[in-house]
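The values are calculated or read from the model by the stated rules, or taken from the named source; none is laboratory data. Nothing here was measured: the structure is a model prediction, and the numbers come from that model. Cβ atoms come from the backbone with ideal geometry, glycine included; neighbour counts cover every protein chain shown. What goes into the accessible areas is simple: the full protein's heavy atoms, side chains included, and nothing from ligands, DNA or RNA. Shrake-Rupley method; radii C 1.70, N 1.55, O 1.52, S 1.80 Å.
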2 protein chains.
Amino acid sequence: MSSEVNSAKVSLGGLHAFCVKALEKCGVSESNADITAAALVTTDSWGVHTHGCGLLPKYVKRLRAGGIRADATPAVVAEEGAWALVDGGAGLGQVTSTFAMRLAVEKARSAGLCYVGVRNNCHFGAAGYYAWLASQENMVGIAMANDTPTVAAPGSRKAITGSNPIAYAVPAGDRDPILLDIAISTVSGGKVYKAHRMGNPIPDGWLVGPDGLPTTDPEGFPHNKALTPMAGYKGYGLALLIETLSAAITGAALTWQVKNWIFDDPSQPTHHGAAFLVFNVASFSPLEDFFHRVGALIDEIHQSPTADGQRIFLPGEMEWEKRRRAQSEGLTLPPDIAVGLKGLAEELKIDTQGLL
Amino acid sequence: MSSEVNSAKVSLGGLHAFCVKALEKCGVSESNADITAAALVTTDSWGVHTHGCGLLPKYVKRLRAGGIRADATPAVVAEEGAWALVDGGAGLGQVTSTFAMRLAVEKARSAGLCYVGVRNNCHFGAAGYYAWLASQENMVGIAMANDTPTVAAPGSRKAITGSNPIAYAVPAGDRDPILLDIAISTVSGGKVYKAHRMGNPIPDGWLVGPDGLPTTDPEGFPHNKALTPMAGYKGYGLALLIETLSAAITGAALTWQVKNWIFDDPSQPTHHGAAFLVFNVASFSPLEDFFHRVGALIDEIHQSPTADGQRIFLPGEMEWEKRRRAQSEGLTLPPDIAVGLKGLAEELKIDTQGLL
C-alpha cells in the first residue's frame with residue numbers, strides 16, 4: 001500500500017472534496033468545511049505540506065473531542081470603522097481567520113486600512129493563506145498569530161514565545177503577488193521532528209537544550225528543548241510584537257496560557273490569538289501606479305546579477321510555480337501525509353474513490 | 001585633546017542645547033531644531049550612538065548643501081479618518097517623522113489605529129524613537145523606513161534592499177515600554193565600518209562579496225559588497241514588506257532610486273520613504289487590563305529560568321537602564337563622536353562651554 005500511496009497523484013479538486021467530506025463527518029457545516037478545505041489545499045498547492053491537509057487528522061481529533069467546536073460561529077465583539085475584535089468561539093482556525101480577514105478587507109474598502117484582532121481562535125494553518133485573501137482584492141494583507149511557546153529567548157533555558165507566524169501578500173497586477181510566510185524561529189519545529197524521525201542530528205543553532213545551551217540532538221523537543229529565535233534577539237523581539245497584536249490587544253491567551261493544539265487535552269479550547277491587517281492600495285494612490293511601482297521592483301530584483309548558479313526569487317515565487325504545476329498536473333502528497341489521510345478516510349468511512 | 005575628549009561626560013541637556021544651536025546655525029527653526037535634538041539625544045541616551053548626535057555633522061553637511069531643506073514643512077497630501085500621506089519636502093527626517101508619528105497618534109485616538117505613510121523624507125535616525133513617541137501616549141507604535149540598498153537577497157551579487165529598519169514600542173503602564181529597533185540585515189553596516197577601521201576581519205555570514213559569496217574582508221563595503229539579510233530569505237522578505245508600506249504605497253523612491261544620504265550629492269534630496277502605524281490600546285480594551293496582561297508577560301519572561309550566567313532582557317530593557325544612568329550621571333560619548341562634535345562646533349563657531 002505504501003508504494004501505491006507514494007506514487008499516487010491527487011487533483012486539487014479531489015483533495016478539496018475529501019477535506020470537505022471529512023469535516024462534514026465531524027459536524028462542520030458544508031460552507032465552513034469548504035472554507036477550511038480551501039485554506040488547506042491552497043497551502044498544499046504551494047508545496048507547504050506541513051500546513052496543508054496533513055493537519056486534518058489532528059483537527060479531526062480535536063473536533064471529535066470538542067476542543068474545536070464544529071458548530072462555532074465567529075462573532076464580532078467590538079468594532080469601529082477601521083477595526084474589529086472577533087471571538088472565534090473555539091471554532092476551526094481557518095473558519096474564524098477567513099471570516100476575520102474578509103471582514104478586514106470589507107472594512108478597509110472604505111476605511112483605507114483595517115485591523116481585525118481575534119481571540120478564542122485555534123491553530124489557523126498557514127498565515128500566508130489569509131494574507132493572499134487580501135491581495136486577491138488588491139490590498140496588502142498581513143496575518144499573524146501567537147502559539148504555545150516553543151521558541152527560546154536569548155539566554156533562556158526554555159521556550160518563551162510561540163513560533164508566532166507572520167505573513168504578508170502584496171498584489172502586483174497581472175503578476176503573482178509577493179507572498180512571504182515565516183515563523184520567527186530559525187527553523188520550524190517540523191524540521192526538528194523530521195530529523196528526529198530519520199535519526200539525524202541537527203545543525204548547531206536550531207535548538208537549545210534544557211541548560212539553555214545549543215544542542216544538535218533533536219530528542220526531547222518540544223518538551224524540554226526549545227527552538228532558537230531567527231536572528232537571535234531580533235526574532236524574539238518580533239515574536240513579542242506579534243504576541244501584542246494577536247493576544248495582548250485582543251484578549252486571547254498569552255504565551256504559556258495558549259494550549260498546545262497537538263498535545264494538550266483535545267476536549268478543551270486552545271485560546272489562540274491572531275491579527276489581520278489590511279491596506280487598501282486604491283485608497284492611497286491609483287491602483288495602476290502601485291502596480292507599476294511594484295512591477296518595476298520585481299523586474300529590478302529579477303534582473304539583478306546573481307551568484308554563479310543562483311536565482312533570486314521574489315518571496316512566494318517558488319510557491320506560485322508549484323501551485324501552477326499542482327493545478328495542471330495534480331499533487332503528489334508526501335507519503336506520511338497520504339498515509340494519514342487514507343487512515344482518516346477509513347476512520348470516518350469516506351469513500352476516497354476518485355478523490356485520493 | 002583626544003584624552004580630554006575621551007574622559008568628558010556630557011549632560012543630556014547640554015548635548016541637546018548643542019544640537020539645537022548647531023541646527024539653528026544651518027537655518028533650522030528653533031522648534032524643528034528642538035524636535036531633531038530630542039530624537040538624537042534620546043537615541044544616545046539609549047546607548048545607540050550610531051543613530052544619535054554622531055549623525056549631526058553629516059546632517060549639517062546636507063543642510064548646508066541644500067539636499068536637506070532647512071526650512072521644509074511637512075505637508076499632509078491626503079488623509080482620511082485612519083490614515084494620512086505626508087510629503088516631507090526633503091526636510092530633516094526627524095522633523096518629518098516626528099510630525100508623522102504625532103499625526104498618527106492624534107488620528108488613532110478616534111480611529112483606534114492609524115497609518116501615516118511618508119514620502120520625500122531623509123534619513124530619520126533611530127526608528128525606535130518614533131515608536132516610543134506613540135507608547136508615551138499609551139499606544140502601540142510601529143515605525144519603519146526604506147533606504148538605499150546595502151543588503152543582498154539570497155543568491156544576489158549585490159544589494160537588493162536597504163537595511164530597512166523596523167521598530168515598535170508597547171506601553172506597559174508604570175513599567176518601561178517594550179521597545180525593539182532592528183535593521184533587517186544580519187548586522188548593521190556600522191559594525192562592518194568599525195571592523196574595517198580597526199583592521200579586523202569580520203565573521204563569516206555578515207557580508208557577501210561582488211561574486212555573491214560570503215567574505216570575511218570588510219574592505220569595499222558598501223560599494224561592491226553587501227550585508228546579508230537577517231535569517232536569510234526571512235529578512236529579505238520583511239525588507240520588501242517595509243519597502244511596500246514605506247515607499248510603494250507612499251510614492252517615495254524605491255530601493256536604488258533612494259539616494260545614499262552619506263555618499264550621494266549633498267545638494268539633492270534623498271527621497272526616502274517611511275511608515276508609521278499606531279494602535280490606540282484604549283480603543284480595544286480598558287487600558288488597565290492591557291497593562292495587567294503586558295505586565296504579567298514581562299514578569300513571566302523575567303522569572304523564566306536562564307542559562308548559567310545569563311539574563312533574559314525584554315526588548316529595550318538594556319536601553320532603558322542606560323538611559324536612566326545617562327539621565328543621572330551624564331553620557332560618555334564614544335571618542336570619534338566627541339571629536340566629530342568638537343569639529344562641528346569649531347566649523348559652526350559654537351561656544352561649547354558648559355555643553356560638551
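Would you check which residues across the stretch B:204-231 are open to solvent by 20 Å² or more (accessible area, probe 1.4 Å) and closer than 13 Å to B:Thr161 by Cβ and list them?
Once the filter is applied, which keeps residues that are open to solvent by 20 Å² or more (accessible area, probe 1.4 Å) and closer than 13 Å to B:Thr161 by Cβ, the stretch B:204-231 yields B:Pro222, B:Thr228.
Across the stretch A:131-149, which residue is farthest from A:Asn260 (Cα to Cα) among those that are of a type outside the set (A, V, I, L, M, F, W, C) and touching a Lys or Arg at 6+ places or on another chain (Cβ under 9 Å)?
Ranking the qualifying residues of the stretch A:131-149, first place goes to A:Glu137.
Of the conditions (1) crowded, with 19+ Cβ neighbours inside 10 Å; (2) more than 18 Å from the chain's Cα centre (by Cα); (3) not in a helix (DSSP H, G or I), B:Pro177 satisfies every one except a single condition; which number is it?
Every condition holds for B:Pro177 apart from (2).
For A:Lys225, are the conditions met, namely being in contact (Cβ under 8 Å) with a residue 40 or more places away in the chain and over 22 Å from the mean Cα position of the chain (by Cα)?
The answer is no for A:Lys225.
If the requirement is being open to solvent by 60 Å² or more (accessible area, probe 1.4 Å), part of a loop (DSSP other than H, G, I, E, B) and touching a residue at least 12 places away in the same chain (Cβ under 8 Å), which of these qualifies: B:Gln353, B:Gln268?
None of the others qualify; the one that does is B:Gln268.
Give the residues of the stretch A:180-190 that are closer than 22 Å to A:Glu321 by Cβ and not in a loop (DSSP other than H, G, I, E, B), sorted by residue number.
A:Leu180, A:Asp181, A:Ile182, A:Gly190
Can you name the residue in the stretch B:285-321 that is part of a helix (DSSP H, G or I) and touching a Ser or Thr at 6+ places or on another chain (Cβ under 7 Å) and is also least open to solvent (accessible area, probe 1.4 Å) among such residues?
If we take residues in the stretch B:285-321 being part of a helix (DSSP H, G or I) and touching a Ser or Thr at 6+ places or on another chain (Cβ under 7 Å), then B:Leu297 is least open to solvent (accessible area, probe 1.4 Å).
Given the condition within 14 Å of another protein chain (Cβ to nearest Cβ) and closer than 19 Å to B:Trp261 by Cβ, answer yes or no: does some residue in the stretch B:106-114 qualify?
Taking every residue of the stretch B:106-114 in turn, none turns out to be within 14 Å of another protein chain (Cβ to nearest Cβ) and closer than 19 Å to B:Trp261 by Cβ.
Looking at the stretch A:145-168, which of its residues are more than 10 Å from chain B (Cβ to nearest Cβ) and open to solvent by less than 10 Å² (accessible area, probe 1.4 Å)?
Once the filter is applied, which keeps residues that are more than 10 Å from chain B (Cβ to nearest Cβ) and open to solvent by less than 10 Å² (accessible area, probe 1.4 Å), the stretch A:145-168 yields A:Ala145, A:Asn146, A:Val151, A:Gly162, A:Asn164.
Just to be sure before I move on: is B:Thr98 of a type outside the set (Gly, Ala, Ser), surrounded by fewer than 24 Cβ atoms within 10 Å (Cβ to Cβ) and within 12 Å of another protein chain (Cβ to nearest Cβ) in the structure I sent?
Criteria not met by B:Thr98.
Are any residues in the stretch A:127-142 closer than 27 Å to A:Lys61 by Cβ, more than 12 Å from chain B (Cβ to nearest Cβ) and open to solvent by less than 10 Å² (accessible area, probe 1.4 Å), and if so, which ones?
Selection gives A:Ala127, A:Tyr130.
What helices (runs of 4 or more DSSP H), lying completely within the stretch B:1-70, carry at least 3 residues that are open to solvent by less than 10 Å² (accessible area, probe 1.4 Å)?
B:12-25, B:30-45, B:56-65
Hey, among B:Ala282, B:Ala275, which residue is more than 19 Å from A:Val294 (Cβ to Cβ), outside any loop (DSSP other than H, G, I, E, B), more than 7 Å from chain A (Cβ to nearest Cβ) and touching a residue at least 24 places away in the same chain (Cβ under 8 Å)?
The unique qualifying residue is B:Ala282.
Are any residues in the stretch B:285-312 facing chain A (nearest Cβ under 10 Å), in contact with a helix residue (DSSP H, G or I) (Cβ under 8 Å, 6 or more places away or on another chain) and either of a type outside the set (Lys, Arg) or at positive phi (or both), and if so, which ones?
Selection gives B:Phe290, B:Val294, B:Leu297, B:Glu300, B:Ile312.
Looking at B:Ala84, B:Ala90, can you tell me which residue is at positive phi and either aliphatic (A, V, I, L, M) or open to solvent by 10 Å² or more (accessible area, probe 1.4 Å) (or both)?
B:Ala90
State which residue is farthest from A:Leu113 (Cα to Cα) when the search covers only the stretch B:247-265 and only residues that are open to solvent by less than 10 Å² (accessible area, probe 1.4 Å) and within 7 Å of another protein chain (Cβ to nearest Cβ).
B:Thr255
Report yes if B:Ala248 is at negative phi, touching a helix residue (DSSP H, G or I) at 6+ places or on another chain (Cβ under 8 Å), modelled with pLDDT of 95 or more and among the hydrophobic types (A, V, I, L, M, F, W, C), otherwise no.
yes
Quick check on my filter: what residues within the stretch A:212-246 are facing chain B (nearest Cβ under 8 Å), among the small types (Gly, Ala, Ser) and within 14 Å of B:Ile178 (Cβ to Cβ)?
Passing the criteria: only A:Gly237.
Across the stretch A:85-117, what is the total count of residues that are over 15 Å from A:Ala143 (Cβ atoms) and not basic (Lys, Arg)?
Within the stretch A:85-117, residues that are over 15 Å from A:Ala143 (Cβ atoms) and not basic (Lys, Arg) number 10.
Against the definition (open to solvent by less than 30 Å² (accessible area, probe 1.4 Å), within 17 Å of the chain's Cα centre (by Cα) and among the aliphatic types (A, V, I, L, M)), how does A:Ala274 come out, yes or no?
yes
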